[in-house]
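The values are calculated or read from the model by the stated rules, or taken from the named source; none is laboratory data. No experiment lies behind these values; they were computed from the predicted model shown. All Cβ positions, glycine included, derive from the backbone under ideal geometry; neighbour counts span all protein chains shown.
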Amino acid sequence: MSISTAPSSVEEVVPGVHRVRLPLPFALNHVNCYLLEDDDGWTVLDTGLHRPEIYAGWQAAFARLGIALGDIRRIVVTHMHPDHIGLAGRLQQETGAPVFMSPREWEVAEAAWVHGERQDEALPAYLRRVGAPPEVGALVASQQQKLRQMTQPTPVDVAFLNPGETLRMAGRRFEVIHAPGHADGQILFYAPSERLIFCGDQVLQHITPNIGLWPSTQPNPLQRYMESLQSLMALEVTLALPGHYEAILNWRGRLCELLRHHEERLQAAYAAAANGATALEVSYAIFDFDRLSPHEIRFAVAEALAHLEYLAEEGRLERYERDGFVAYRPA
Ligand SMILES: [Zn+2]
């Protein structure tokens, strides 16, 4: 499966499962959403941002597959990041279909996209505390407002999906699996009969999913992520359909690569903190900052922080206060 250069595309990846690739206005320039066909209607799995070209991409996909708005019977969202939930509210308005998410993801989505103004102060202050210069905080606050615009209207009356529940989609029985780390309450959908999984952003090819500690994140996301990868290792998977890039065919191989990547990055973070360092300083040491846009710098800082917190929880590093910043040094 190659990466399409078209602004949006539709491809049937297995019978009844259509991948809808939609553009994103970021360095990561696309998102994979899916349309799943059943006798009594269709499921939309993830939605893209609410932007005109993305809505047009959905309209083209519906037209190509002969889907009327009333044929959409449910909208399922793997996690609350704007590229996945952004258009869910608009699609809900137009189709009347219920929106399904995990309770935790809806809680975080509500805080970020419904009541987000309350966080606009908190995020810059948080980034400042871990060492980021004031201009990064100011930039992030305005980015956050733009992202929030691309999630409006937000879904209403969200229905909850809990781990262990099952869902029939595309003629298959999918188990709901909780997969934290990239997002606290992300859910994946696994059909054991066909060894098929919709793996959201938990497992990606080409890029490593961002594991960040944010003001709203539950403690130690990297540990929860690595534990999740370990438990996903137990699943028999021949085809994994992710939120970005192409399908993953070597499931356990990719899980091993991701685990190894974080082991290496933990070592690099530990080395970078040898004489004491903030998350910003550590992110300079482990990421190539020249290549990162301001949008990406905040993810780099949050990811460095996730690694430092992992090491602190393990007892290898200790947190301390340095000139008003949170810093880490060998314990
Ligand atoms: Zn994503």
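Which one of these is surrounded by fewer than 23 Cβ atoms within 10 Å (Cβ to Cβ), touching a residue at least 40 places away in the same chain (Cβ under 8 Å), of a type outside the set (Asp, Glu) and in contact with a helix residue (DSSP H, G or I) (Cβ under 9 Å, 6 or more places away or on another chain): LEU69, LEU28, LEU49?
Only one candidate qualifies: LEU28.
Could you list, ordered by first residue, the pairs with Cβ atoms under 9 Å in which the first is in segment 243-256 and farther than 19 Å from GLU227 by Cβ and the second is among the small types (Gly, Ala, Ser), at least 6 apart or interchain?
Hits for this filter: GLY243/GLY200; GLU246/SER2; ALA247/ALA240; ILE248/ALA240; LEU249/ALA240.
Counting only residues that are part of a strand (DSSP E or B) and away from the ligand (no atom under 15 Å from the Cβ), how many does segment 37-71 have?
Total satisfying the criteria: 6.
Please specify each residue of segment 42-55 satisfying the condition of being basic (Lys, Arg) and touching a Leu at 6+ places or on another chain (Cβ under 7 Å).
Those that are basic (Lys, Arg) and touching a Leu at 6+ places or on another chain (Cβ under 7 Å): none in segment 42-55.
Quick grid of which residues meet (1) within 23 Å of PRO330 (Cβ to Cβ); (2) at pLDDT below 95; (3) in contact with a helix residue (DSSP H, G or I) (Cβ under 8 Å, 6 or more places away or on another chain):
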residue	(1), (2), (3)
GLU246	no, no, no
ASN250	no, no, no
TYR270	yes, no, yes
ALA274	yes, no, no
PHE289	no, yes, yes
GLU296	no, yes, no
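Based on what the data block shows, is PRO180 away from the ligand (no atom under 16 Å from the Cβ), surrounded by 14 or more Cβ atoms within 10 Å (Cβ to Cβ), under 19 Å from the mean Cα position of the chain (by Cα) and part of a loop (DSSP other than H, G, I, E, B)?
No: the conditions fail for PRO180.
Need the failing condition index for LEU87 against (1) aliphatic (A, V, I, L, M); (2) in contact with a strand residue (DSSP E or B) (Cβ under 8 Å, 6 or more places away or on another chain); (3) within 16 Å of the ligand (Cβ to nearest atom), just the number.
Tallying (1) aliphatic (A, V, I, L, M); (2) in contact with a strand residue (DSSP E or B) (Cβ under 8 Å, 6 or more places away or on another chain); (3) within 16 Å of the ligand (Cβ to nearest atom), LEU87 fails exactly one: (2).
So which residues in segment 72-131 are hydroxyl-bearing (Ser, Thr, Tyr) and either at pLDDT 95 or above or part of a loop (DSSP other than H, G, I, E, B) (or both), if there are any at all?
Within segment 72-131, THR78, THR95, SER102 meet the criteria.
Among the candidates VAL136, VAL99, single out the residue that is touching a helix residue (DSSP H, G or I) at 6+ places or on another chain (Cβ under 7 Å), farther than 30 Å from TRP42 by Cα, touching a residue at least 12 places away in the same chain (Cβ under 8 Å) and away from the ligand (no atom under 16 Å from the Cβ).
Criteria check complete, one pass: VAL136.
How many of the residues in segment 301-331 are modelled with pLDDT of 95 or more and at positive phi?
Of the residues in that region, 1 qualify.
Within segment 135-150, which residues are of a type in the set (D, E, K, R) and surrounded by 14 or more Cβ atoms within 10 Å (Cβ to Cβ)?
Within segment 135-150, ARG148 is the sole residue that qualifies.
Quick one: in segment 5-25, which of the residues that are assigned to a loop (DSSP other than H, G, I, E, B) and either within 13 Å of the ligand (Cβ to nearest atom) or at pLDDT 95 or above (or both) is surrounded by the fewest Cβ atoms within 10 Å (Cβ to Cβ)?
Ranking the qualifying residues of segment 5-25, first place goes to PRO15.
Looking at ASP39, is it out of contact with any Leu (no Cβ under 8 Å at 6 or more places or on another chain), over 17 Å from LEU161 (Cβ atoms) and of a type in the set (Asp, Glu)?
It is true that ASP39 is out of contact with any Leu (no Cβ under 8 Å at 6 or more places or on another chain), over 17 Å from LEU161 (Cβ atoms) and of a type in the set (Asp, Glu).
Exactly one condition in (1) part of a helix (DSSP H, G or I); (2) surrounded by fewer than 18 Cβ atoms within 10 Å (Cβ to Cβ); (3) in contact with a Gly (Cβ under 6 Å, 6 or more places away or on another chain) is not met by PRO153; state its number.
(1)
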